[in-house]
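A.B. asks: Before I ask anything, here is the structure I am working with.
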Amino acid sequence: MVALQRLIDTDIHNGIDRKRLLSFLPEPWATRFATGRGAPGGLGYWNPNGVLRSDAVTPDGERIDGNPKHLGKYFLDVHNVEYGILNPQSSLQYGLSPEPDFAAAVVSALNDVLMNDWLEADPRLRASAVISPADPLLAAKEIHRVAQHPGVVQILMGSGARAPYGNRIYDPIYQAASEHNLPVAIHPGSEGVGVSGPPTAVGYPSSYLEWHTNLVGSYMSHLISLVTEGTFVKFPNLRFVLLEGGIAWLPAILWRLDKNWKGLRQTVPWLDRLPSEYVFEHIRISTQPMEEPDKPEHFKAILDMFPADKMLMFSSDYPHWDGDTPDFAARAFPRELRSRVMSETARELYRLPAPVAANAVSEVAADD
Amino acid sequence: MTDTGTRTKREPQLWPVAKVDELAPGERKLVEIKKHSIGLFNVNGEYIAALNMCPHELAPICRGRVSGTTLPSKPGEFIWGREGEILACPWHGWEFDLLTGQMLADQRVRIRRYPVTVQGDDIYITV
């Protein structure tokens, strides 16, 4: 075991109570939502494990992720989580509804549930507010609204999209987020849903395994788009967070991007340095699902190929089937990176208070 | 232009490579001097000589496109300029500033250039 004094979890999935969401929805969307005509669903791939862990229930059989008190007692307390960032479940597909006003109303009500029921319930919780990026102006309006709540530390949208996220149609989102110093994050799951493009560039995978493995493709596309379109030139204080998109592909795609830029620089004359340098400055990456090569030293070698100390932030993905526990994650990182990855990079990004000095105890690693 | 016979260290020499009326602005000529392939360019009236070898993969860079390029700009904005001053390698498109020898994407990378002098009607390269 690696004993961590400080732990910040950047990807916890809480369930949003449907009746509570409904209570915040204005008409006509409340009537519509109540009749069950919601957002486009997922593609329906079969995961025999279920996406939600079957053991994430209280002794009384209630979902731990469905109640902030349970989440506090059975997850935050157990792992000694100092802060946990909530990214609400089943929220990203709304952004790919072809009906922009309905989508914007639902995510807004969903954010109301987050702010009223979750952020008020436990001082360790922070939240990403969900937007519907298909209509960037409505999304910007929602950002200005939720930014008033101190517990909202990030803006969240799906990595499934109808255009790469560096496209200038999204600028109102980045403008609003920049004004409030809020990072913008993407999370997988909506690939292929609603008005998004197909989940891969070559079409539709045939299994959950194929679909899930391919999710890194949309991450690469968005990352390259954000850099080459000059999003970080236009919004120099913008931070963009890649949640649950994997780690190991990053250096290889940046080598490719940097190499191509040397010959094609004139097509993006607003970039005045290597594309990878924009990535290192503006992109943050959550750790789960960590790649697990047969030889652990191969994973450590990859961490040498980019500023892992500045970019990586621990995430558990609790209570999803493919999560990483804090201990499992901490052991995968070399000791000198551990406090950066497990808490401090996230603390800086989300401006989370440092522990008071009296409680500050240095990390103890019992296994090395 | 006789070889001094000193094999250890040779002084640079002037090599006549073209007549001034041979190269109009925008034109170039490839010459061979002491087994080096060298490109002579008329860059808007100024003569520039460069080794015909890209520092990247040793391509014959002097056979590449000479043109302008896009100048630094805001995202979404394209400003064309420096017409005739930019040499792009035919293999991977690396752009070099003929006036300084520097690569536009990374100023630490350069093509090798040689002094050019004009005496009367003759253009000389010092190699």
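Where a number appears in this text, it was derived from the coordinates with a stated rule and is not lab data. Here the structure is a predicted model, which is why all the values come from computation and not from measurement.
A.B. asks: What aspartates and glutamates could a cross-link reach from B:K34, if we take a straight Cα to Cα line under 14 Å and drop same-chain neighbours fewer than 8 places away?
C.D. replies: B:D3, B:E11
A.B. asks: Let me ask something additional. Report, ordered by chain and residue number, the lysines lying within cross-link reach of A:K69, taken as a straight Cα distance under 29 Å and ignoring same-chain residues fewer than 8 apart.
C.D. replies: Leaving aside lysines fewer than 8 places away in the same chain, those within reach of A:K69 are A:K19.
A.B. asks: Of A:Q148, A:Q89, A:Q175, which has the largest mean-square fluctuation in a 10 Å C-alpha GNM of chain A?
C.D. replies: A:Q148
A.B. asks: For chain B, set up a GNM with springs between Cα atoms under 10 Å and report which of B:K35, B:K19, B:K74 has the largest fluctuation.
C.D. replies: Highest fluctuation of the listed residues: B:K74.
A.B. asks: In a Gaussian network model over chain B where Cα atoms closer than 10 Å are linked, find which of B:P60, B:P12, B:P115 has the largest mean-square fluctuation.
C.D. replies: Maximum among the listed residues: B:P12.
A.B. asks: Pop out the ³J(HN,Hα) list for segment A:320-332 in order, Karplus 6.51 cos²θ - 1.76 cosθ + 1.60 with θ = phi - 60°, rounded to Hz; leave Gly and Pro as x.
C.D. replies: Each residue of segment A:320-332 in turn: 7, 5, 10, x, 10, 7, x, 5, 4, 5, 4, 5, 7 Hz.
A.B. asks: Over chain A, what is the relative contact order in whole percent, taking alpha-carbon pairs under 8 Å and six or more residues apart?
C.D. replies: Values: 668 pairs, mean separation 76.2, N = 368.
For chain A, the relative contact order is 21 percent.
A.B. asks: Right, here's the next one. If the reach is capped at under 26 angstrom between alpha carbons, list the lysines near A:K259, excluding any in the same chain fewer than eight residues apart.
C.D. replies: The reachable lysines, counting only those whose Cα sits under 26 Å from A:K259, are A:K234, A:K300, A:K310, B:K74.
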